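Right, I'll just put the structure down here and ask away after.
The values are calculated or read from the model by the stated rules, or taken from the named source; none is laboratory data. Please read all numbers here as calculations on a predicted model, not as lab measurements. Every residue, glycine as well, gets a Cβ built from its backbone with ideal geometry; the counts of neighbours run over all protein chains shown. Please note that ligands, DNA and RNA were not included when accessible areas were found on the heavy atoms of the full protein model with its side chains. Shrake-Rupley method; radii C 1.70, N 1.55, O 1.52, S 1.80 Å.
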Amino acid sequence: MYERYPDSGPPQEVQRIQPPRSVRTAVKLMYAGAAIEVPALILALLTRASLKSAILAKHPDYTAAQLHTAEVARTVSLVVGALLAIGLWLWMAWANGKGRSWARILSAVFFAINTLDLIASFVLVQGSASQIAGVVIWLIGLAVIVLIFSKDSGPFYQQQAAQQ
């Protein structure tokens, strides 16, 4: 005996689950993280002179060419890193706002990388203004991680995964 084919009526809308306050706040902080990367980059570019002084203080035996190479290498890595960070902040804001469970994991991985980068910035030569901006960005990332892994956020990610 065959089961009857279900009636094909109008398609039923999938009920969109609203993110809890913790996720909404985390997403806003992610957008803020992306926004703060822009002035942090500008600040890093404006303080290139202090970077040059800091490199010379750490490596007084550098020739003019070595100093220039070190300065350019650090500046290029700052620009590329900031542009990449802006893109990642925006991507994670979108994905976490949609409740993608993989986005929580990836956000934690990016936060760990940011933590290592912050530690490295204290070891490497860098201007103090850039380090302050790095700490602010790191603190935003920490708040995001706490929020998206909070008890309130878990069910949202689980429900969204079940609907996919």
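Can you pull out the trypsin sites (Lys or Arg not before Pro) in the stretch 64-164 whose DSSP state is coil and whose Cβ has at most 13 other Cβ atoms within 10 Å?
Answer in residue order: Lys151.
How many nm is it between the label spots at Ser128 and Lys28, if each spot is 7 Å from the Cα in line with the beta carbon?
According to this spin-label approximation, the distance is 3.3 nm.
May I pose another question? How far, in degrees from 0 to 90, does helix 101-123 lean away from the longest principal axis of the Cα atoms of the chain, to the nearest 10?
Here the helix axis deviates by roughly 10 degrees.
If I take R0 = 41 Å and measure r between the Cβ atoms of Ala108 and Tyr62 in this structure, what FRET efficiency does the formula 1/(1 + (r/R0)^6) give, to the nearest 0.05?
In this case the efficiency is close to 0.60.
Also, quick follow-up: Would you list which lysines come within 27 Å of Lys28, measuring only between C-alpha atoms, while excluding same-chain residues fewer than 8 positions from it?
Lys98, Lys151
Give the relative contact order (percent, whole number) for the chain; include only Cα pairs under 8 Å separated by 6+ residues.
On the way: 139 pairs, mean separation 67.7, N = 164.
Reported as a whole number, the value is 41 percent.
Then there's this: Roughly how many nanometres apart are two label points built 7 Å out from the Cα toward the Cβ at Val136 and Ser77?
2.3 nm
Rounded to two decimals, what ratio of Rg to Rh does the stretch 58-104 give with C-alpha atoms and a Kirkwood Rh?
1.37
Binning at 5 Å from 0, report for the chain what percent of all alpha-carbon pair distances ends up in each bin.
Histogramming the chain at 5 Å steps yields 1, 8, 15, 16, 13, 10, 9, 7, 6, 4, 3, 2, 2, 1, 1, 1, 0, 0 percent.
Just the number: Rg to Rh for the stretch 10-102, Cα atoms, Kirkwood Rh, two decimals.
We get a ratio of 1.28 for the stretch 10-102.
Shifting gears a bit: Leaving ligands, DNA and RNA out of it, work out the accessible area of Ile132 with a 1.4 Å probe and give it in Å² to the nearest 10.
Ile132 exposes around 110 Å² with every protein chain in place.
Which percent of the accessible area of the chain is formed by carbon and sulfur heavy atoms (probe 1.4 angstrom)?
Working: 7060 of 10540 Å².
Its accessible area is 67 percent carbon and sulfur atoms.
What number, rounded to the nearest 500 deg cm²/dmol, is the helix-based mean residue ellipticity at 222 nm of the chain, given -39500 (n - 2.57) per DSSP H run of at least four residues and division by all its residues?
So the helix-based figure for the chain works out to -26500 deg cm²/dmol.
Once the Cα atoms of helix 154-163 and of the chain are each reduced to a long axis, what angle between those two axes, in degrees from 0 to 90 to the nearest 10, is obtained?
Between the helix axis and the principal axis of the chain, the angle is about 60 degrees.
Still on this structure: Extending each Cα 7 Å along its Cβ direction at Thr115 and Leu43, get the distance between those two points in nm, one decimal.
2.2 nm
Here's another thing I want to ask about it. Relative to the longest principal axis of the chain, what angle (0 to 90°, nearest 10) does the C-alpha long axis of helix 48-58 take?
60 degrees
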